[in-house]
There are 2 protein chains.
Amino acid sequence: MAVAALEEEMRIGELAARTGVSVRALRYYEEQSLLGAERGPGGQRHYPEGAVGRVRLIQQLYAAGLSSRTIVELLPCVVDGQATPALLKRLAAERERVDQRIAELAQARDRLDSVITAATGSMLTGASCRRAADT
Amino acid sequence: MAVAALEEEMRIGELAARTGVSVRALRYYEEQSLLGAERGPGGQRHYPEGAVGRVRLIQQLYAAGLSSRTIVELLPCVVDGQATPALLKRLAAERERVDQRIAELAQARDRLDSVITAATGSMLTGASCRRAADT
DNA sequence: CTTGCCTCTGACGTCAACGTCAGGTTCTAG
DNA sequence: CTAGAACCTGACGTTGACGTCAGAGGCAAG
């Protein structure tokens, strides 16, 4: 087994282990041009240390609900700071989308809360309470 | 054309129009047992006024990231207030999930913000700024 | 009665982000 | 040198919430 902690490069399995995403996902990222990789003489992928952060970033953007197509458009901007006004608009738009989504979720959560409260109450009283809140 | 505003019932097209979801989606909801419908003599679906709120509720739960299978399990509880302890646990768990998702999104949004800030700065200075923040 | 819109039931298509399997190659420990 | 782990490239499968199309029937207006 090779020493990994001090190495500069790693193969796909280690990157997967260190990021928590599957090997398949990493290859998919490459296919989508989200993540580059150098190839050894045997055709195997080699990643630098920085790939770990890159993958985490990708994951975060996915978590933000961005599609891979969107991410691939915005990544150069994010990584290199090379932002055109158009890209900045896009970024701001995505940010807005995320904010709206958060608001949506918060509303849904509140709805769940009221449902839980109502249901808990009905259980305690043994009553069959009808609708509690609308919209 | 029939007067609709004062009618008690409506057909699928009107329900779709009033809720903003597609006719196909409404039929899908019925298929998933999320939304009942009475049938006229010609086999057409007729919905009461309350269906509007019901559909909105379903939409909110979808927006909360719940699957239709989950929703169909929880809907009796939500609508009728008939909650078993098991259902309450399920509701609470879903609420937790939503909260976690919100936190995730907030983090992603902050990340986007920092990216935007950095990119804007680099544009203003004309510099090629490298990575600004990690994780 | 007919025209035209609305509705019906299947049933296949879609899209994203991978999972999974097959068949072959490369690397590494012993 | 050799076994076995890790890796490679296709390529098909999966899942959820619908979209879309085809062919047939229902409903109100003129």
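The values are calculated or read from the model by the stated rules, or taken from the named source; none is laboratory data. The shown structure was predicted, so the numbers you read here are calculated from the model rather than taken from an experiment. Note that each Cβ is placed from the backbone with ideal geometry, even for glycine, and that neighbours are counted across all protein chains shown. Areas reflect the complete protein model, heavy atoms only, side chains present, ligands, DNA and RNA absent. Shrake-Rupley method; radii C 1.70, N 1.55, O 1.52, S 1.80 Å.
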Quiz item: So which of B:L124, B:L87, B:L112, B:L105 is within 7 Å of chain A (Cβ to nearest Cβ) and modelled with pLDDT under 90?
Solution: B:L112
Quiz prompt | Enumeration of residues in the stretch A:5-47 that are over 17 Å from the mean Cα position of the chain (by Cα), of a type outside the set (A, V, I, L, M) and away from DNA strand C (no atom under 12 Å from the Cβ) | solution = A:E8, A:G36, A:E38, A:Y47
Practice problem: Hey, can you tell me all the residues within the stretch A:66-84 that are at pLDDT below 90 and under 25 Å from A:A37 (Cα atoms)? | Solution: A:E73, A:L74, A:L75, A:P76, A:C77, A:V78, A:V79, A:D80, A:G81, A:Q82, A:A83
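Check whether at least one residue in the stretch A:43-54 is in contact with a Phe, Trp or Tyr (Cβ under 9 Å, 6 or more places away or on another chain) and assigned to a helix (DSSP H, G or I), and report yes or no. Reasoning before the result, please.
First, the residues of the stretch A:43-54 that are in contact with a Phe, Trp or Tyr (Cβ under 9 Å, 6 or more places away or on another chain): A:54.
Applying the additional criterion that residues be assigned to a helix (DSSP H, G or I) yields A:54.
Within the stretch A:43-54 (the criterion being in contact with a Phe, Trp or Tyr (Cβ under 9 Å, 6 or more places away or on another chain) and assigned to a helix (DSSP H, G or I)), the answer is yes, since at least one residue qualifies.
Going through B:G43, B:G20, B:G50, B:G65 one at a time, which residue ends up being out of contact with any Leu (no Cβ under 9 Å at 6 or more places or on another chain), within 30 Å of B:Q100 (Cβ to Cβ) and of a type in the set (G, A, S)?
Working: B:G43 fails: within 30 Å of B:Q100 (Cβ to Cβ); B:G50 fails: within 30 Å of B:Q100 (Cβ to Cβ); B:G65 fails: out of contact with any Leu (no Cβ under 9 Å at 6 or more places or on another chain).
B:G20 is the lone residue from the list that is out of contact with any Leu (no Cβ under 9 Å at 6 or more places or on another chain), within 30 Å of B:Q100 (Cβ to Cβ) and of a type in the set (G, A, S).
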Self-check item: Single condition B:S33 does not satisfy, out of (1) open to solvent by less than 50 Å² (accessible area, probe 1.4 Å); (2) on the phi > 0 side of the Ramachandran plot
Solution: (1)
